[in-house]
Amino acid sequence: MTENKPMRADTYLHFTGHTKSRQSAKELIEAGFVEIDGRRVVKPSEMVDAALPHSVGILQKERYVSRGGHKLEAALDYFKIDVTGMTAVDIGASTGGFTDCLLQRGAARVFALDSGSGQLAASLLADGRVVNIEKFNARRLCEGDAGPVPAGTKADIATIDVSFISQTYIIPGLKNILRDKGLFVSLIKPQFEAGREAVGRGGIVRDNKYHIASIKKVIECARQSGFGCLGVIRSPVLGGDGNTEYLAAFVFGEDLIPPGDGAPRRLLEITATGKGDMT
C-alpha cells in the first residue's frame, strides 16, 4: 500500500496511526466518533485521498481494543459486578473487547475463547493474564468438555458474545466451567435468537415482539440450566450491523424468584425505549 493511493477511511485511520487496528477504526466510525477535515465520517468505506494532508479528529479515544468493551462495562457497572481477582472465561472473544474490559477491571486471568483464529488484539496476546484459546466450538461445553479451563479449575465469571448461533446451544454447558454462585453476562442479539423470519432489510430486527421473545428465550434457557437472572438492560452500543442488543446477568445455583406479572411490561419498556431494567 502506498501513501498516495486513495483508501478506505478505516484503512486510512489505521495506516496513519490514529487507531490500533482497522477494526477499531471501523467501530469508531460506525459509532460516529471520527471527523476528517471537520466533516463527520459516516461509513468505514468512504474513500480518502491519502496524497493530501488531512485533519483527523477522534471524538472519543479508544479505551478498549473494540467497542465490545463498552458494552460489558455497562453491564458490570449496572449490576455492580466486581471482577477483581476473578478467573474469567470470555466466550466469543474475537478482537477481545470483553477480555480487555475484564482485565482493566482487575480480573486475574481470562481464558479468551473463540471458534476462529488470529483475531485477538496483539496487546492482549502479549498480556500474561490472557490464555488465548482458538478454534474451540463452545458447543463442546455442553458435552462436558471444559477445554478452555484446566482440570480442577472453576471460573468465577463467564461472558458470552457470539454471532450466527443461538446462545441456547452454549448456556447449558456453562455449569461445567463455573463455580457454584459463579456469574455469567450475556450479550443478547435478537438477530441470532429470533429466527430468520424476524430479520428484515439490512439484517435488522425491527419488530419489538422479537426482541422480547429473544430475551425470554435466553432467560428461560439459563433458568433450565440452573441459573437465576439478575436482570436485563439495553446495551448502550448498537451491534456492528445496527441491531439493538441487550445485556443480561445471571448467577449459577441461585433459585431466584421468576419475574412477576409486571415482567412483560418491563421488557416492553426496555426494548422499546431502552429505559428501565428487569431486575
Discussion item. Here is a check on your reading of the model: is T84 in the same structural domain as K181 (by TED's automatic domain parsing), of a type in the set (V, I, T), assigned to a loop (DSSP other than H, G, I, E, B) and at pLDDT 90 or above?
Written reply: yes
Practice prompt. Mind counting the residues in region 93-145 that are assigned to a helix (DSSP H, G or I) and over 26 Å from S166 (Cα atoms)?
Written response: 6
Discussion item. Cβ-Cβ under 7 Å, sequence separation 6+ or interchain: first residue in region 100-124 and of a type in the set (V, I, T), partner not in a helix (DSSP H, G or I). Which pairs?
Written reply: V110/A88; V110/D90; V110/R129; V110/V130
Practice prompt. Take the residues in region 45-81 that are of a type in the set (F, W, Y) and assigned to a loop (DSSP other than H, G, I, E, B), then tell me which one is nearest to Q119 (Cα to Cα).
Written response: Y64
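Based on this model, can you work out whether D241 counts as acidic (D, E), at negative phi and modelled with pLDDT under 90? Let's see the steps before the verdict.
Numbers: acidic (D, E): yes; at negative phi: yes; modelled with pLDDT under 90: yes.
Answer is yes for this residue.
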Worksheet entry | Whichever residue in region 51-102 is within 10 Å of the chain's Cα centre (by Cα) and hydrophobic (A, V, I, L, M, F, W, C) and, among such residues, is surrounded by the fewest Cβ atoms within 10 Å (Cβ to Cβ) | L72
Worksheet item: How many residues, within region 45-65, are at pLDDT below 85 and of a type in the set (S, T, N, Q)?
Response: 1
Discussion item. Can you confirm whether F192 is surrounded by 14 or more Cβ atoms within 10 Å (Cβ to Cβ), within 24 Å of F250 (Cα to Cα) and of a type in the set (F, W, Y)?
Written reply: yes
Practice prompt. Restricting attention to region 15-34, report how many residues are under 20 Å from G242 (Cα atoms) and outside any loop (DSSP other than H, G, I, E, B).
Written response: 10
Fill in: Residues located in region 8-54, provided they are farther than 20 Å from R67 by Cβ and among the aliphatic types (A, V, I, L, M)
M47, V48, A50, A51, L52
Worksheet item: Across region 106-132, what is the number of residues that are touching an Asp or Glu at 6+ places or on another chain (Cβ under 8 Å), surrounded by fewer than 18 Cβ atoms within 10 Å (Cβ to Cβ) and hydrophobic (A, V, I, L, M, F, W, C)?
Response: 0
Worksheet item: Which residues, counting only those in region 35-44, are under 17 Å from T16 (Cα atoms) and not in a loop (DSSP other than H, G, I, E, B)?
Response: E35, I36
Worksheet item: Has region 183-197 got any residue that is farther than 23 Å from C142 by Cβ and assigned by TED's automatic domain parsing to the domain that holds D90?
Response: yes
Discussion item. Here is a check on your reading of the model: is R140 touching a residue at least 60 places away in the same chain (Cβ under 8 Å), surrounded by fewer than 18 Cβ atoms within 10 Å (Cβ to Cβ) and not aromatic (F, W, Y)?
Written reply: no
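The values are calculated or read from the model by the stated rules, or taken from the named source; none is laboratory data. What you are looking at is a predicted structure, and each value in this text was computed from that prediction instead of being measured. FYI the Cβ positions are ideal-geometry reconstructions off the backbone, even for glycines, and counts take in every protein chain you see.
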